[in-house]
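Peer 1: Sharing a structure here in structure tokens format.
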Amino acid sequence: MASQKKKLQGLVAATITPMTEHGEINFSVIGQYVDYLVEEQGVKNIFVNGTTGEGLSLSVSERRQVAEEWMTKGRNKLDQVVIHVGALSLKESQELARHAAEIGADGIAVIAPFFLKPWNKDVLINFLKEVAAAAPALPFYYYHIPALTGVKIRAEELLDGIQEKIPTFQGLKFSDTDLLDFGQCVDQNRERQFAFLFGVDEQLLSALVMGATGAVGSTYNYLGKKTNQMLEAFERKDFSSALNHQFCIQRFINFVLKLGFGVSQTKAIMTLVSGIPMGPPRPPLQRASREFIDEAKARLESLDFLSSTDLKDRNLESCS
Ligand SMILES: CC(=O)N[C@@H]([C@@H](O)[C@H](O)[C@H](O)CO)[C@@H](O)CC(=O)C(=O)O
């Protein structure tokens, strides 16, 4: 059985994997990155080697090293470190799960295999169960991201009876816009202590209303502070403020989505906002264009999401 850890809640930053200009992992900035998340963004939980972390573009050896570095640098600073160990190969996934347990991670998450795909719920559960069994003391999270995996098995269906099959099952990371599916996951499991972690940052407020217990996302790397203000407003039932915060966040995400937004752009924005070099993404992804960076920077400034000192006076639509 999974050891009784504190339930994962609040914001969880889906960490970026920093890289050098030569495409190697830049371990040297991870310590600084931890401090930035904790001190500047108020985010103390991380999700390592997921989509944003380009986990599936790294070798198994690199994934192990990245996980170790976050564990080492996060010790006594972070609350929880969840490692994504999903892979196409069950063996690799199990190796990564065992490794996560060895280094003292707080949980593991797994996406559905996306090349030779599971064709129904039972087949998917069997795969997940084999991975979870490799780390029997670690809380297990299913990472539902159908737009990227192409595995469209509804999360509601998957959760039905999952704990009987996977005793360490602890929660769901739901990266999809289907709030009916998400709401039903919460509604049908009310008596269980699952974590329901929403993964579409621009819609988080709606998911909170549906019962999300936390959120995992890329924007919490640099909009964590802002999103925490929304969570606090929601907590004190100040829904009007919570909505203002969400709209503000939406203004930015909507803007970059229209320009074309993904992991490469997240790396560029994080570099801009934190000052920590995140480097380029790994091919096949291409680095964000100069035009994107300039436009995103101007938008961040106009929304007051960049801590430039001289901008306050000419702020047009400040979100602070
Ligand atoms: C498809 C995707 O990358 N979704 C992001 C969101 O945080 C997303 O960037 C954000 O909502 C903006 O659309 C996360 O759900 C991904 C994530 O948590 C991860 O990196 O594992």
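Peer 1: Inside the range 174-189, can you point out the residues that are under 22 Å from V12 (Cα atoms) and either at pLDDT below 95 or charged (D, E, K, R) (or both)?
Peer 2: D176, D178, D181
Peer 1: So, in the range 108-132, exactly how many residues are touching a helix residue (DSSP H, G or I) at 6+ places or on another chain (Cβ under 8 Å) and in a strand (DSSP E or B)?
Peer 2: Residues meeting the conditions: 3.
Peer 1: Kindly indicate the residue of the range 133-144 that is surrounded by 20 or more Cβ atoms within 10 Å (Cβ to Cβ) and in a loop (DSSP other than H, G, I, E, B) and also farthest from the ligand (Cβ to nearest atom) among those meeting that condition. Break it down stepwise before answering.
Peer 2: Step one: filter the range 133-144 for residues surrounded by 20 or more Cβ atoms within 10 Å (Cβ to Cβ), giving 134-135, 138-144.
Checking which are in a loop (DSSP other than H, G, I, E, B) leaves us with 134-135, 138-139.
Numbers: A134: 20, A135: 19, L138: 18, P139: 17 Å.
Step by step, filter the range 133-144, then rank; the result is A134.
Peer 1: Take the range 25-40 and flag every residue that is in contact (Cβ under 8 Å) with a residue 40 or more places away in the chain and in a helix (DSSP H, G or I).
Peer 2: At the first step, the residues of the range 25-40 found to be in contact (Cβ under 8 Å) with a residue 40 or more places away in the chain are 25-27, 29-38, 40.
Within the range 25-40, F27, V29, I30, G31, Q32, Y33, V34, D35, Y36, L37, V38, E40 meet the criteria.
The rows are residues; the columns are (1) touching a residue at least 60 places away in the same chain (Cβ under 8 Å); (2) within 20 Å of K7 (Cα to Cα).
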| position | (1), (2) |
| --- | --- |
| F114 | no, no |
| K129 | no, no |
| P139 | yes, yes |
| G150 | no, no |
| D160 | no, no |
| P167 | yes, yes |
| F174 | no, yes |
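Peer 1: Here is a follow-up. Quick check on the range 186-199. Is at least one of its residues crowded, with 23+ Cβ neighbours inside 10 Å, part of a helix (DSSP H, G or I) and not aliphatic (A, V, I, L, M)?
Peer 2: No.
Peer 1: When the range 1-24 is examined, which residues are found to be more than 24 Å from A134 (Cβ to Cβ) and either in contact (Cβ under 8 Å) with a residue 40 or more places away in the chain or not in a loop (DSSP other than H, G, I, E, B) (or both)?
Peer 2: Q9, G10, L11, A13, I16, P18, M19, T20, E21, G23
Peer 1: Which residue out of S264, S240 is within 15 Å of the ligand (Cβ to nearest atom), at pLDDT 95 or above and not in a loop (DSSP other than H, G, I, E, B)?
Peer 2: Result: S264 is the single residue among S264, S240 that is within 15 Å of the ligand (Cβ to nearest atom), at pLDDT 95 or above and not in a loop (DSSP other than H, G, I, E, B).
Peer 1: Looking only at residues in the range 206-225 that are buried (at least 23 other Cβ atoms within 10 Å of the Cβ), assigned to a helix (DSSP H, G or I) and not small (G, A, S), which one is farthest from the ligand (Cβ to nearest atom)?
Peer 2: Among those residues, the one meeting the criterion is N221.
Peer 1: Here are the criteria: (1) in contact (Cβ under 8 Å) with a residue 40 or more places away in the chain; (2) within 16 Å of the ligand (Cβ to nearest atom); (3) not in a strand (DSSP E or B). Tell me which single one V82 does not satisfy.
Peer 2: Here V82 clears every test but (3).
Peer 1: Restricting the range 62-77 to residues that are more than 16 Å from the ligand (Cβ to nearest atom) and under 19 Å from N221 (Cβ atoms), which is surrounded by the fewest Cβ atoms within 10 Å (Cβ to Cβ)?
Peer 2: Step by step, filter the range 62-77, then rank; the result is K77.
Peer 1: Within the range 41-61, track down each residue that is within 16 Å of the ligand (Cβ to nearest atom), assigned to a helix (DSSP H, G or I) and not hydroxyl-bearing (S, T, Y).
Peer 2: Correct list: Q41, G55, L56.
Peer 1: G171 is checked against (1) surrounded by fewer than 14 Cβ atoms within 10 Å (Cβ to Cβ); (2) under 17 Å from L8 (Cα atoms) and fails just one. What number does that condition carry?
Peer 2: Against the list (1) surrounded by fewer than 14 Cβ atoms within 10 Å (Cβ to Cβ); (2) under 17 Å from L8 (Cα atoms), G171 comes up short only on (1).
Peer 1: Restricted to the range 100-112, and to residues that are touching a residue at least 12 places away in the same chain (Cβ under 8 Å) and open to solvent by 10 Å² or more (accessible area, probe 1.4 Å), which residue is farthest from N45 (Cα to Cα)?
Peer 2: Filtering first and then ranking leaves I111.
The values are calculated or read from the model by the stated rules, or taken from the named source; none is laboratory data. Here the structure is a predicted model, which means the values were calculated and not measured. Neighbour counts run over all protein chains shown; Cβ positions are idealised from the backbone, glycine included. SASA here: full protein model, heavy atoms, side chains in, ligands and nucleic acids out. Shrake-Rupley method; radii C 1.70, N 1.55, O 1.52, S 1.80 Å.
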